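This report refers to the structure that appears directly beneath it.
The values are calculated or read from the model by the stated rules, or taken from the named source; none is laboratory data. Not measured: the values here are computed from a predicted model. FYI the Cβ positions are ideal-geometry reconstructions off the backbone, even for glycines, and counts take in every protein chain you see. Remember, those area values only see protein heavy atoms, side chains included, never the ligands or the DNA or RNA. Shrake-Rupley method; radii C 1.70, N 1.55, O 1.52, S 1.80 Å.
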Amino acid sequence: MRDRFPDFRLGSVLATSFTATLTERCGDAMERIPTPQRLVDWLAVNGLTVESCTTAQLELARELRESIHAAATAAAKRDALPASALRVINDCSIQGRAAAVLTPEGNRQWQLSSTSCVEDALSVIAADAISIIAGERDGKLALCASPTCRAAFFDTSQSRTRKWCDMNTCGNRQKKARFNANHRTHTRRH
């Protein structure tokens, strides 16, 4: 019987969706890619299909994930980008073989070679991280306002004032906590 894994948090930005494979970083952390096969599953859901993944490739993927998170967090705070994170992101970007192709709808999609490996998929994720951290895309890096999450996300809202990495999880959790606190305060007064 297959183990039950937590759902993936999918967003519209590949690099920050990838960092969301570890959630609740400042609370009770939840690893969403605990096994090599789970990484293969995440990559496939994001259009980066590979046939297999080794434990060493999973470790490289996690190292890239944490490097993207560290660099995106620094960029969101307007701090200096960590040299070690930049080295990992750049190395992963250089190592892969992938090409950008246009879909019939006029969208960019990544195509891996027919003998694709995890490193090819990671290069696409690293290139996406480079484009958002370098400020090449319309939006801004921000950190989730949830004290247990603090995920880096790419805010493309019109006002660029989004507070939550995901309204359905962090946003709703905070709204519920605020409601419960207000309800308790209101109940004590009466």
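When segment 82-109 is filtered for residues that are outside any helix (DSSP H, G or I) and open to solvent by 70 Å² or more (accessible area, probe 1.4 Å), the ones remaining, listed by number, are R97, L102, P104, E105, N107, R108, Q109. State whether the residues of segment 60-76 include one that is open to solvent by 70 Å² or more (accessible area, probe 1.4 Å), on the phi < 0 side of the Ramachandran plot, part of a helix (DSSP H, G or I) and without any contact (Cβ under 8 Å) to a residue 40 or more places away in the chain. Yes, that holds for at least one residue.
You will find that of S113, S123, the residue that is more than 20 Å from R9 (Cβ to Cβ), among the polar types (S, T, N, Q) and in contact (Cβ under 8 Å) with a residue 24 or more places away in the chain is S123 and no other. Total residues in segment 124-144 satisfying the condition of being crowded, with 23+ Cβ neighbours inside 10 Å and under 16 Å from R87 (Cβ atoms): the figure is 4. Among the criteria (1) at pLDDT below 90; (2) open to solvent by 40 Å² or more (accessible area, probe 1.4 Å); (3) touching a strand residue (DSSP E or B) at 6+ places or on another chain (Cβ under 8 Å), the one A152 does not fulfil is (2).
Suppose we keep only residues that are assigned to a loop (DSSP other than H, G, I, E, B) and in contact with a strand residue (DSSP E or B) (Cβ under 7 Å, 6 or more places away or on another chain) within segment 28-48. Which one would you say is surrounded by the most Cβ atoms within 10 Å (Cβ to Cβ)? If we take residues in segment 28-48 being assigned to a loop (DSSP other than H, G, I, E, B) and in contact with a strand residue (DSSP E or B) (Cβ under 7 Å, 6 or more places away or on another chain), then L48 is surrounded by the most Cβ atoms within 10 Å (Cβ to Cβ). Restricting segment 49-59 to residues that are assigned to a helix (DSSP H, G or I) and of a type in the set (A, V, I, L, M, F, W, C), the residue that is farthest from A99 (Cα to Cα) is A56. Contact map, segment 153-181: residues that are farther than 27 Å from A71 by Cα paired with residues that are loosely packed, with under 12 Cβ neighbours inside 10 Å and modelled with pLDDT under 75, Cβ distance under 9 Å, separation 6+ or inter-chain. No pairs are found.
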